[in-house]
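Novice: Would you mind keeping the following structure in view while I ask a few things?
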Amino acid sequence: MDNILSLMEGFATALQPQYLIFGFIGVLVGTAVGVLPGIGPAMTVALLLPLTYTLDPTAALITFAGIYYGGMYGGSTTSILLNTPGESASIVTALEGNKMAKLGRGAAALATAALGSFVAGTIATLGLTMLAPIIAAWAVNLAPADYVALMVVAFITVGALLGSSVWRGLTSLGIGLFLGLVGTEILSGQQRYTFGLLPLADGIDVVLVAVGLFAVGETLYVASRMRHGRIALVPVTRGWRSWMTKDDWRRSWKPWLRGTAIGFPIGTIPAGGADVATFLSYASEKKLSKHKDQFGRGAIEGVAGPESANNAAAAGVLVPLLTLGLPTTATAAIILSAFQSYGIQPGPQLFTNQPALVWALIASLYIGNVMLLILNLPLVGIWVKLLQIPRPYLYAGILTFAVLGAYAVNFAVADIVILLFVGVLGYFLRRFGYPIAPLVIGLILGPMAEAQLRRALQLSQGDLSALFLSPFAAVCYIALILIIALGLWLRRRQSRLERTLAAAAAADTSLSAAVNQAWDAGERPTDVKTSDIRVQAPAEEPPTEKGSRRRGGR
Amino acid sequence: MGAAGTGPARPSAGGEPAEASAPRSKLGEYIFAGLALALGIFVFVGAFAIRLPTSGTQVGPRVFPFMVGTILVISAAMVIVDIARGKLGDLEQGEDVDTQAKTDWITLAKIVAFVAAFIALLEIIGWPFAAALLFGGVAWSLGAKRWWVALLIGLALGFVVYIVFGGLLGLSLPPGPLLTWLDPLLQSLRG
């Protein structure tokens, strides 16, 4: 029961006023950037990395963890209320939640997403509390060759399973690994790939790459093909107290728990991140639901399950990060570099060397979840306002803070030049369908992988077979093959499902648009209790590709 | 907020990505993948230029660069094969992105030019004014209706950031010739 005692001490730290404030700032900023299109937690944490110069480690990491959790909550608000397709991680929520909102049930969708995120976040944090010390204690015995195996698994799964094609992901990973090589080599002290340029001698700063890719690259990409016209928001009616009916509760609680059970394990293994978890949860809810006919037209289970899975996976990602020092998402990789800027290396020793810090961090996750529930249920109106910021100002602001963040790294103009170059690279990566996350992970994990590889080969005196012969490493490589095969199979199913769903969505856009124009929200004939929707829902033709063209594309 | 939600139906961009959008040329894709391939070759060849330490010869500083070069060469080559077979990359989607629009190169050039101008001017005219120019310029490029409002917002943002950074965090951004009198003030604020 050492853990419970340590956790209590963690709470004692995290509940101190100054840490509460940092935690609150973290979840507030996190929710804001989660809601706003164009920025996300990865970029925000990267922008705030210079804070590590002035804050103590506990305060900085609590803030970053808050941003990480907050970003997950905020994303669902956007996908439910904004009438444009978002990123693929939230696409299932977008489809069901957006449909619910158009039926006048946006409040219920927001509530089930927030409550599900809370349930999943809390249970998954509990899982983290139980699991992390055990894994850390076991991982102490891992040899360098085992770490090399783990990192290879992380590299390949993240590279191969994120994004639209395996080879594009691996190319992105390779570019990241290259950027990690630039700079002075530690052991022999010579410069590699610096072209003799002084600003490159210390390596390319993580802040510049992350902010360049996420902020500048995203701004350029949006600028190149911006969606013009009015920001189409689905209005939310009713006060938050009456958001969920009894029926909604009855239909939500099981998907919350199932989503958690699916999301947390997937988060802990590097298997392509939250994307897979949300998809699996959606598919299983659809299979288990008694209201199958509502799926694709605003089924509450289709919001409750995937949103919970999304949040549980986010917490699960912290398990390998804290116990093995292994980041499996871009945000986790940047949080890892925040640890490093304090000279702290996450890994098995973290729980023995920095118990106060790590337990305060875990305690802050529980507290952050409660704060986020309050921020997201009654105060959702504020976030809706944020969604209406005119896009020119939003992206101008993002870019201004990006150059500020880049300049603040070393107070050197040369860094802004690097930022611009990385931003242009980020633009082309997006344009040609290369995922960004493998690049960031390659950049941050690459130097660590090189160090472990050299240590492992030093121990084996250059014998390469030692890398594969340790039992743990062998298990890793076998698992890698299985994960890749399973992941690719899942992705094929996922894209098929997304296509069907999107076709279904397009098929009745004109119908709901007509309803929305004819009546105000709350007065629509479709705005009724969930149980009645089934009876009233008009019989529609099956969502075929042909039907969607004809009816959707007017 | 009483406006009805959706407005006229948009063709769903998430639904029919490749077929519906204007046929994109493969040329850009080839160039980008080709550059990645060239980078891989450069990394690989460049690794030979890394000096090996005279003692302790087993695992030098060349091993990892060789691996990185190999990964880049193989995966970029496979991407080129994919493109040749007609498998183009999916455009990344986003809330504010219209995947069916044509690339707006003029806006892109304007934004890059404003960032470049910011880089050139930052230490000459100082952070608040350079930030105002960047913010105003980018907002104008992206279609803000009144450019002078954007410029004013940018100026306000620039000053707030300058004061917060200089006064509270103790990081001094370049003041420029017009604002050198501000710094002692901020320092006294910090005490």
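The values are calculated or read from the model by the stated rules, or taken from the named source; none is laboratory data. Quick caveat: nothing in here was measured; it's all calculated off a predicted structure. Note that we place each Cβ from the backbone using ideal geometry, even for glycine, and neighbour counts take in every protein chain shown. Surface areas here come from the heavy atoms of the whole protein model, side chains and all, with no ligands, DNA or RNA. Shrake-Rupley method; radii C 1.70, N 1.55, O 1.52, S 1.80 Å.
Novice: Provide a single number: the residues in segment A:271-327 that are outside any helix (DSSP H, G or I) and either closer than 26 Å to residue A:346 by Cβ or charged (D, E, K, R) (or both). If you could, list the steps in order and put the result at the bottom.
Specialist: Of segment A:271-327, the ones outside any helix (DSSP H, G or I) are A:271-273, A:289-291, A:295-300, A:325-327.
Then drop every residue that is not either closer than 26 Å to residue A:346 by Cβ or charged (D, E, K, R) (or both), which leaves A:271-273, A:290, A:297, A:325-327.
Number satisfying all stated conditions: 8.
Novice: A follow-up question, please. In this structure, is residue A:136 in a helix (DSSP H, G or I) and either surrounded by 24 or more Cβ atoms within 10 Å (Cβ to Cβ) or out of contact with any Ser or Thr (no Cβ under 7 Å at 6 or more places or on another chain) (or both)? Give the derivation first.
Specialist: On the way: in a helix (DSSP H, G or I): yes; either surrounded by 24 or more Cβ atoms within 10 Å (Cβ to Cβ) or out of contact with any Ser or Thr (no Cβ under 7 Å at 6 or more places or on another chain) (or both): no.
No, not satisfied.
Novice: I'd like to verify a number: residues in segment A:181-218 that are surrounded by 24 or more Cβ atoms within 10 Å (Cβ to Cβ) and under 30 Å from residue B:84 (Cβ atoms), how many?
Specialist: Result for segment A:181-218: 4.
Novice: Could you tell me which numbered condition residue A:175 fails, if it satisfies all but one of (1) open to solvent by 10 Å² or more (accessible area, probe 1.4 Å); (2) more than 14 Å from chain B (Cβ to nearest Cβ)?
Specialist: Looking at each condition in turn, residue A:175 falls short on (2).
Novice: Which one of the conditions (1) over 29 Å from residue A:37 (Cβ atoms); (2) buried (at least 22 other Cβ atoms within 10 Å of the Cβ) does residue A:356 fail to meet, given that it meets all the rest?
Specialist: Going through the list (1) over 29 Å from residue A:37 (Cβ atoms); (2) buried (at least 22 other Cβ atoms within 10 Å of the Cβ), residue A:356 breaks only (2).
Novice: Go through the residues of segment A:144-161 one by one and say whether even a single one is in a helix (DSSP H, G or I), crowded, with 24+ Cβ neighbours inside 10 Å and charged (D, E, K, R).
Specialist: Scanning segment A:144-161 turns up no residue that is in a helix (DSSP H, G or I), crowded, with 24+ Cβ neighbours inside 10 Å and charged (D, E, K, R).
Novice: Here's a follow-up. Please verify whether residue A:129 is surrounded by fewer than 21 Cβ atoms within 10 Å (Cβ to Cβ) and assigned to a helix (DSSP H, G or I), treating the condition exactly as stated. Please lay out each step first, then the result.
Specialist: Working: surrounded by fewer than 21 Cβ atoms within 10 Å (Cβ to Cβ): yes; assigned to a helix (DSSP H, G or I): yes.
Against the criterion (surrounded by fewer than 21 Cβ atoms within 10 Å (Cβ to Cβ) and assigned to a helix (DSSP H, G or I)), residue A:129 qualifies.
Novice: When you go through A:132, A:120, A:59, A:145 one by one, which is the residue that is among the aliphatic types (A, V, I, L, M) and either modelled with pLDDT under 90 or under 18 Å from the mean Cα position of the chain (by Cα) (or both)?
Specialist: Details: A:132 fails: either modelled with pLDDT under 90 or under 18 Å from the mean Cα position of the chain (by Cα) (or both); A:59 fails: either modelled with pLDDT under 90 or under 18 Å from the mean Cα position of the chain (by Cα) (or both); A:145 fails: either modelled with pLDDT under 90 or under 18 Å from the mean Cα position of the chain (by Cα) (or both).
The match here is A:120.
Novice: I'd like to know if segment A:103-118 contains one or more residues that are in a helix (DSSP H, G or I), away from every other protein chain (no Cβ under 14 Å), in contact (Cβ under 8 Å) with a residue 12 or more places away in the chain and open to solvent by 20 Å² or more (accessible area, probe 1.4 Å). Let's see the steps before the verdict.
Specialist: Of segment A:103-118, the ones in a helix (DSSP H, G or I) are A:103-118.
From what's left, away from every other protein chain (no Cβ under 14 Å): A:108, A:110-118.
Now drop any that are not in contact (Cβ under 8 Å) with a residue 12 or more places away in the chain, which leaves A:108, A:110-118.
In the following step, the residues that additionally are open to solvent by 20 Å² or more (accessible area, probe 1.4 Å) were identified as A:115, A:118.
Yes, segment A:103-118 has at least one match.
Novice: What is the one condition in (1) among the polar types (S, T, N, Q); (2) surrounded by fewer than 22 Cβ atoms within 10 Å (Cβ to Cβ); (3) within 9 Å of chain B (Cβ to nearest Cβ) that residue A:470 does not satisfy?
Specialist: Residue A:470 satisfies all of (1) among the polar types (S, T, N, Q); (2) surrounded by fewer than 22 Cβ atoms within 10 Å (Cβ to Cβ); (3) within 9 Å of chain B (Cβ to nearest Cβ) except (3).
Novice: Moving on to the next point. So is residue A:249 surrounded by fewer than 23 Cβ atoms within 10 Å (Cβ to Cβ), at pLDDT 80 or above and away from chain B (no Cβ under 14 Å) or not?
Specialist: Details: surrounded by fewer than 23 Cβ atoms within 10 Å (Cβ to Cβ): yes; at pLDDT 80 or above: yes; away from chain B (no Cβ under 14 Å): yes.
Spelling it out, residue A:249 is indeed surrounded by fewer than 23 Cβ atoms within 10 Å (Cβ to Cβ), at pLDDT 80 or above and away from chain B (no Cβ under 14 Å).
Novice: OK, next. Can you give me the ranges of the helices (runs of 4 or more DSSP H) entirely in segment A:357-456 with at least 2 residues that are facing another protein chain (nearest Cβ under 8 Å)?
Specialist: On the way: elements: A:380-387, A:391-410, A:413-431.
Passing ranges, in order: A:391-410, A:413-431.
Novice: Same structure, new question: Filtering segment B:102-156 down to residues that are in a loop (DSSP other than H, G, I, E, B) and more than 8 Å from chain A (Cβ to nearest Cβ), which residue is surrounded by the most Cβ atoms within 10 Å (Cβ to Cβ)?
Specialist: Our first condition is that a residue be in a loop (DSSP other than H, G, I, E, B); within segment B:102-156, this holds for B:102-104, B:126, B:142-146.
Checking the rest, the ones that are also more than 8 Å from chain A (Cβ to nearest Cβ) come to B:126, B:145-146.
On the way: B:126: 21, B:145: 10, B:146: 10.
Top of the filtered list is B:126.
Novice: Might you let me know whether segment B:158-168 holds any residue that is within 7 Å of chain A (Cβ to nearest Cβ) and either part of a helix (DSSP H, G or I) or open to solvent by less than 40 Å² (accessible area, probe 1.4 Å) (or both)? Please lay out each step first, then the result.
Specialist: Here is the first cut: in segment B:158-168, the residues within 7 Å of chain A (Cβ to nearest Cβ) are B:161.
Pick out the ones that are also either part of a helix (DSSP H, G or I) or open to solvent by less than 40 Å² (accessible area, probe 1.4 Å) (or both) and you get B:161.
The answer is yes, given that some residue of segment B:158-168 is within 7 Å of chain A (Cβ to nearest Cβ) and either part of a helix (DSSP H, G or I) or open to solvent by less than 40 Å² (accessible area, probe 1.4 Å) (or both).
Novice: Further question: Only residues that are part of a loop (DSSP other than H, G, I, E, B) and open to solvent by 10 Å² or more (accessible area, probe 1.4 Å): list them for segment B:71-93, please. Even if it seems obvious, please write down each step before you answer.
Specialist: Residues of segment B:71-93 that are part of a loop (DSSP other than H, G, I, E, B), as a first pass: B:85-93.
Result: B:85, B:86, B:87, B:88, B:90, B:91, B:92, B:93.
Novice: Got a sec? Which of A:439, A:467, A:445, A:425 is in contact with a Ser or Thr (Cβ under 8 Å, 6 or more places away or on another chain), hydrophobic (A, V, I, L, M, F, W, C) and modelled with pLDDT of 90 or more? First the steps, then the outcome.
Specialist: Values: A:467 fails: modelled with pLDDT of 90 or more; A:445 fails: in contact with a Ser or Thr (Cβ under 8 Å, 6 or more places away or on another chain); A:425 fails: in contact with a Ser or Thr (Cβ under 8 Å, 6 or more places away or on another chain).
It is A:439.
Novice: Still on this model: Given the conditions (1) more than 8 Å from chain A (Cβ to nearest Cβ); (2) at pLDDT 95 or above, and given that residue B:49 satisfies all but one, which numbered condition is not satisfied?
Specialist: Every condition holds for residue B:49 apart from (2).
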